[in-house]
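As structure tokens, the structure follows; a few thoughts come after it.
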Amino acid sequence: MKTGKSEAIQGFKAVEFMRKVRKQINEDTRDMNFEELKKYFEIRRSSANAVSNKQNYTVQ
């Protein structure tokens, strides 16, 4: 596995991104019970996998 600055995404703000995602999740799940939370994260995880799998097959 290579490491180094050449693989970093220029201009990507990790802390800002994490805060935005966390805020969105908090807003989405504010009034959910445990069963609703489980379903929310199952759907979220499956859609994230679909996006990452699609990106793996993208020709660059």
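The values are calculated or read from the model by the stated rules, or taken from the named source; none is laboratory data. What you see is a predicted model, and the numbers here were worked out from it, not measured in a lab. No Cβ is skipped: glycine too gets one built from the backbone with ideal geometry, and neighbour counts run over all protein chains shown.
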Residue ID - nearest to the chain's Cα centre (by Cα), chosen from residues in the stretch 4-43 that are of a type in the set (S, T, Y) and at pLDDT 90 or above: Y40
Per-region count, the stretch 10-24, residues surrounded by 10 or more Cβ atoms within 10 Å (Cβ to Cβ) and in a loop (DSSP other than H, G, I, E, B): 1
